[in-house]
Amino acid sequence: MSESPIGRDTPQVNARAKVTGRAQYAGDIQLPGMLHAKVLRSPHPHARIRRIDTRAARALPGVKAVLTGADAPDALWGVHHKERRILAREVVRFAGEEVVAVAATSDEIARDALELVTIDYEPLPALFTPEAALAEGATGIHPGRNNVAHEIAFERGSVEAGFAQADLIHEATYTTHAQYPGYLEPMATVAQVDGHGRLQVWASTQSVFLARMRLAAALELPVSRIRVMQTTTGGGFGGKIVEDANSLIAALLALKTGQPVRLVNNRLEDFLGACSSLPERLTLKLGMTREGRIVAKEVTILADCGAYCGLTNEVMHVSAMRSDNMHRLENVRSHAVLSYTHTPPHGAFRGFGGTQMLFALNSHIDTMAEKLGLDPVAIHRLNAIQAGDTSIHGWEVGSTGLMECLDQCTEAIHWAEKRGRRDQAGRRRRGVGLAAAMHVSGNRTIGNWDGSTVVVKLNEDGRALVHSGECDMGQGAMTMLSQVIAHELTLPIEHIQVVPPDTDTSPFAIGTLASRVTMSGGHAAILAARKAKAQLLALAAELSGHAEETLTLIDGAVRLRDADNGEIVADLATLARQHIWRHGGEGLQVSATWDPQTRMHDDDLYGNIASAYSFAAQAVEVEVDTETGRVEVVESFVSDDCGKAFNPLAIHGQTNGATVQAIGWALYEQLQVEEGRIMNGNFADYTLATADAVPMLASGIVESNDPKGPYGAKGASETAILPGAAAIANAVHDAVGVRITDLPITPEKVLAALRAKEDADHA
Amino acid sequence: MRDFDFLEPASAAEASRMLLDEPEESRLIAGGTALMLGMRQRMLSPRRLISLGRLEALRGIDFDAKEGLRIGALTRHAELAADPAVQTHYPMLASMAARVANPQVRNQGTLGGNLCYADPATDPPGCLMALDAQVVIQGPDGERRLTIEAFLVDYYTTALEPGELITEIRLPPPAEGDRGHYARHLRTAAEHRPLVNLAAWVRQRGHGCEAARLVVGASTVVPTRVPQAEAYLMAHPPSEATVDATAELIASGITPLSDARGSAAYRREMVRVIARRSLAHLFALPLE
Amino acid sequence: MSEHRIEVIINGEPVTARVPARRLLSDFLRDDLGLTGTKRGCETGICGACSVMVDGRLVKSCLSLAVQADGQPIDTIEGLADGETLHPIQECFINGGGLQCGYCTPGFVMATCALLAANPRPTTDEIRQALNGNLCRCTGYTQIVESIHHAAEKLHGN
């Protein structure tokens, strides 16, 4: 009897194509007559386009189209604000904005053509910081508006009364920087207009339906004239949702040339074209009793979305309020302002605003613990929200494994022995630090629904074909869906084929964001498989004459429930063929939708936006070289409460990947932006961690079995990135007694802080 | 990259003639790892690439106890790192070559190409300078030899005249008492290029050093020897105090670069730290 | 500008082609021969997604010209499996979670081939060092290193 794959280490169902080099990414597609596209970007952070001369470029042999803003539709695109053109017209608002697009018979010719385009720019004064953009009298970056892209303000309870009860009040400001998503596959699209005039788009994307909606709006086409197909996608991390212009430009060129067009960002272009995460300055004021109970919390955020705001309204929203739900709080106040600037746009990134605030909050708890003479673990425990609680913002927490997460990671790192080693001599000092985190599993705020649909078809050989519009960017959505269907239909996982998302054939789906796919897609798969199973049993009963309730599905066949010998009543292949024959040619095909019973927040931001909430804690040990300022993570343990681990192999993989992204954000990666220009938009100078720059990682799983999760599961791909930066900062403090509040923690900052401390100690 | 002609001379003399045909428009290509980067970003756009790929005479490593080491200019970093003679007689050089860039670049990039590119943020030049290497240059008027000090002129600039190419690198024979240590310091563990490197070579006699060559690289425009530090080291028996003082002299004796990867002050400070650690390692002194 | 006739042996099969001088080896493999398993991930020689073997040496095919490979054997990810039978390294990457999005995977698998050919039973640190010419953004490397240990064991025993 084949065992259920649920809960077992399950290799990715599409791994074979990946290890043999046969997985097809968008940049691998070659169509007959396909053209290669290149984009010319603004070198200026803010300028008026006086004149563009494309004659020489158009005259170059092999060049098929040279488009400017004048060739693009009038429609504006954007998530919250429609504010951006496919190609800039009249004004450019950031250095890197797309101005001219070329399609030619080869990549090199397209690149040659860009050099023949001359653009007469009139540079205009630019606003590089939120302070400058929000100053009295600052010019609006977008016509007719001031530079506030979004603002959130709320108060619950009485913060003043809370602070009045506090034994300790601590206020500090933290600065978080932008992180480039760094997926290994740069953005890529192939677009063509087929013989019927329909636009076909193969894209590296996290959401085919959001991509189609946006293409339709920006290109002023009916949705039904567009088909978007997801190709194997080489990572997304939030960067491939809807904020980049790559597929819009490829589609525009395909429409204008009538030929297939491939636009693959090179890495330099991807740094300019992709959104990096939202930089925020967060001021946090907490009041605690001497036992460590948080009695008041006040948050002030100033965030910089760059020239176009994309999804950053939602990102800032998360920073402003999500962490409040981790704790049993009564008095909170938050005020967050998102400002436009003439800098490259920021947007969605794994963790989605959580990383920023949790860096501040966990650093703050660590600091206050020391002042109060408490173990920070005790403060996390004392304040932790509990299963069954409704948080201050209305979130109904059905499960939490945070306590177990704290136990696991402190034990693994030997917290009790290692914390506070004050007797260290020598130039290299070690310290341990810890942080805790919470994340959503799905999010109703996307459209006041958060459902997903799965279609299961049973082929004539008794194997299942599964359609879902939720995208797999490498995190394993296809494997998860295969596991669920295999489990429910008791089939070997090899008998399940998940079809890649295609807007023509897949059921509608929001796509892969907000850690929602296992929650919503997983539930929909369970429902669809059970519907198929019911039909199979009914049909088997009809065929065999056995009562339906005496039948069951075991090992891919319908059998008598009570039979010892497991005699087969009907196998699935027979049933699939019989279904066709008995239903006038209709194969066994079911569709099921699951929409979480969550509640959209009200105008006061009160609601219950996700079916479940996942938790994590991380403990790290670092070594600080007090002479060079270098910080290295020597050990890391992340404990993830993902409800139920469908696939421990995948959970550990997600956790490890998130951990290294967090280490990168905290220690290694730093976008250098000077006067609005990205100066290090390449992998030689923007340094992602290599294998020798990070330790072998350890991680643990906590299964809190959420009552609303599919088999108890919650989201597991984002939570693990949240605690890393603060855990490292706290460990640095434990090692050498300096507190770094502005990321990244560079050697220069560590050395400067050590010197300042030395001076203060001797003063 | 922009289009170009690819030429394949059969001898160094022919390569030299080809270079002279259109000196402004021609570049030599050996492994090509650095050149391709510049050309792909269109920062370099030669109209002619003259490949040294067929010049077998520029390959190979030969060691002779009297003559020292001859390294063909087309020797790849990985070949240098794996060569038994280099490992035995010039362990510092083998150790450096094993750490250049990354495995793929070590399998493709050549020592001659690396020297001709004269990128400050790289490893071989400083190490070779500490080992008193000379480059053998073939040109239209025959052959000449230059020390590394004379060969490296400035940021991305060498002493090569039109029509000249490096054919080999020569190292003097090792002697009893020679010790060397090559250190490269990365600003963070994830960076790819050294922020500072320090190549230290001494010839020990009894308790002291009869000769010393101390070279700072990566943080200076070209690798830089620090004579006052060398003199101090030769005048004082190795001790923690000597090492500290020498490291100070090294740090104060250079003019550090200042750029996005590190300010001059920070680089100088790192030079001091790495110098002290390297010398302590060289003399087997405790680091703390 | 100049065009060249090159003769190479790709995954054991002789191939003759004409290439312009400026054709990169990676583009030759991908665009001319359709061997798209070799990936392009950067222009700065850092990501390693384009790693292939040229004459038994692991190199980055985006840092060399096709014409430079003339006369040499080239091995790419497509040549690793024996028909339908995967190479043990490929098996171990699959089963050990040594991949997620898969884009860096051909480069890592080729780098592993080179490592295990030179060092059949590497230590964890030797593996981590040997991979520092390849970037992965998904896995955090731990499961890649573990997969390589498994592959070494499978290929070369304890």
Applied in sequence order to segment B:114-119, the curve 6.51 cos²θ - 1.76 cosθ + 1.60 (Karplus, θ = phi - 60°) yields integer Hz couplings, x standing for Gly and Pro, of 4, 5, 5, 6, 6, 6
When A:R381, A:R516 are ranked with the fewest other C-beta atoms within 10 Å first, the list becomes A:R381, A:R516
At the level of C-alpha centres, the distance separating segment A:46-82 and segment B:252-275, in angstrom, is 46 Å
Cα-based Debye curve of segment A:644-763 sampled at q = 0.10, 0.21 Å⁻¹ gives log₁₀ I(q)/I(0) of -0.45, -1.17
With the charge dipole of chain A built from beta-carbon charges (+1 for Lys and Arg, -1 for Asp and Glu) about the Cα centre, the Cα from A:I651, A:G239, A:V318 projecting farthest to the positive end belongs to A:G239
Rounded to the nearest Å, the spacing of the alpha-carbon centers of segment B:18-73 and segment A:224-287 is 40 Å
Rounded to two decimals, the Debye log10 I(q)/I(0) of segment B:5-51 (Cα scatterers, no solvent) at q = 0.15, 0.25, 0.26 Å⁻¹ is -0.35, -0.89, -0.95
If C:M53, B:M43, B:M96 are placed from fewest to most neighbouring beta carbons inside 10 Å, the sequence is B:M43, C:M53, B:M96
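Expressed as cubic angstrom per residue, what is the convex hull volume of the alpha carbon set of segment A:220-311? Provide the component values of the computation, followed by the final result.
On the way: hull volume 18.5 nm³, N = 92.
It comes to 201 Å³ per residue, whole-number rounded.
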Counting only residues 5 or more apart in sequence or on a different chain, those whose built amide H sits under 5 Å from that of A:M679 are A:Q672, A:V673, A:E674
Quick calc, the protein assembly as shown, dipole around Cα centre from Cβ unit charges on Lys, Arg (+) and Asp, Glu (-), nearest 20 debye, gives 1160 debye
Isolated cysteines for chain A, Cβ-Cβ cutoff 4.7 Å, are A:C275, A:C405, A:C409, A:C471, A:C642
Per the helix-only model, chain A has a calculated mean residue ellipticity at 222 nm (DSSP H runs of ≥4, -39500 (n - 2.57) each, divided over all residues, rounded to the nearest 500) of -8000 deg cm²/dmol
What the Cα atoms of chain A span along the principal axes, largest first and in whole Å, is 92, 73, 49
Taking 0.36 nm per residue of separation between A:R381 and A:S158 and subtracting their Cα-Cα distance, the length gained on full extension comes to 77.9 nm
A correct Karplus calculation of ³J(HN,Hα) over segment C:58-74, with 6.51 cos²θ - 1.76 cosθ + 1.60, θ = phi - 60°, whole Hz and x for Gly and Pro, returns 6, 9, 9, 6, 8, 10, 9, 8, 4, 5, 6, 8, 3, x, 10, x, 10
Pseudo-spin-label distance C:A118 to A:E136, built 7 Å along Cα→Cβ, given in nm, is 6.6 nm
Note to self: C-alpha centroids of segment C:55-105 and segment A:585-647 sit apart, in Å, by 34 Å
Using alpha-carbon coordinates alone, the radius of gyration and Dmax of segment A:433-580 in Å work out to 17.8, 66
Whole-Hz Karplus couplings 3J(HN,Hα) for segment A:501-517, θ = phi - 60° and coefficients 6.51, -1.76, 1.60, Gly and Pro as x, run x, 8, 5, 6, 10, 7, x, 4, 8, 5, x, 9, 6, 6, 6, 9, 6
Looking only at lysines whose Cα falls under 18 Å of C:K39's and that sit 8 or more positions away or on another chain, we get A:K18, C:K60
Any DSSP H helix in chain A with Cα axial reach of 20 Å or more and mean Kyte-Doolittle score of at least 0.0? Listed by number, the hits are A:354-372, A:522-544, A:648-663
Toy charge model, Lys and Arg Cβ at +1, Asp and Glu Cβ at -1: segment A:409-480 dipole around Cα centroid in debye, rounded to 20, equals 960 debye
Computed Rg/Rh for segment B:44-135 (Cα atoms; Rh = Kirkwood radius) stands at 0.97
Partner shielding of B:48-61, taken as the mean number of other chain Cβ atoms within 10 Å, equals 2
Other residues with Cβ under 12 Å from the Cβ of A:V208 give, with Lys and Arg +1 and Asp and Glu -1, a net charge of 0
About its Cα centre, chain C carries a charge dipole, from +1 on Lys and Arg Cβ atoms and -1 on Asp and Glu Cβ atoms, whose size in debye to the nearest 20 is 440 debye
Per principal axis, largest first, the Cα atoms of segment A:543-693 extend in Å by 82, 46, 32
With bins of 5 Å, the percent of all Cα-Cα pairs of segment C:58-154 per bin from 0 is 2, 13, 25, 24, 19, 10, 6, 1
Per-residue average of other protein chain Cβ atoms inside 10 Å, peptide A:694-704 -> 3
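State which entries of A:K240/A:K749; A:K714/C:K154; A:K714/A:K749; A:K533/A:K708 exceed 27 angstrom in Cα-Cα distance in the structure shown.
As for pairs spanning more than 27 Å Cα to Cα, those are A:K240/A:K749; A:K714/C:K154; A:K714/A:K749.
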Straight-line reach check, A:K64, cutoff 18 Å on alpha carbons, 8 or more apart in-chain or any other chain, hits among lysines -> A:K38, A:K256
Taking the dipole of the protein assembly as shown about the Cα centre (Lys, Arg +1; Asp, Glu -1; charges at Cβ), the one of A:A425, A:M438, A:F94 that reaches farthest to the positive side is A:F94
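Mind sorting A:R198, A:R145, A:R281 by how few other Cβ atoms lie within 10 Å of their own Cβ, fewest first? If you can, show how the numbers build up before the last one.
On the way: A:R198 15, A:R145 12, A:R281 18.
In increasing order of surrounding Cβ atoms, one gets A:R145, A:R198, A:R281.
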With DSSP loop assignment and no more than 16 other C-beta atoms within 10 Å, the GluC sites (Glu not before Pro) in segment A:67-149 are A:E90, A:E136
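Using only DSSP helix segments of four residues or longer, with each worth -39500 (n - 2.57), what per-residue ellipticity at 222 nm results for chain B after dividing by its residue count and rounding to 500? Provide the component values of the computation, followed by the final result.
Details: 12 runs with 100 residues, N = 288.
Taking each H run of at least 4 residues, the total per residue is -9500 deg cm²/dmol.
Read-outs throughout are calculated quantities, based only on the coordinates presented, and are distinct from any laboratory measurement. Not measured: the values here are computed from a predicted model. Cβ coordinates were reconstructed from backbone atoms using ideal geometry, including for glycine residues, and neighbour counts include every protein chain displayed.
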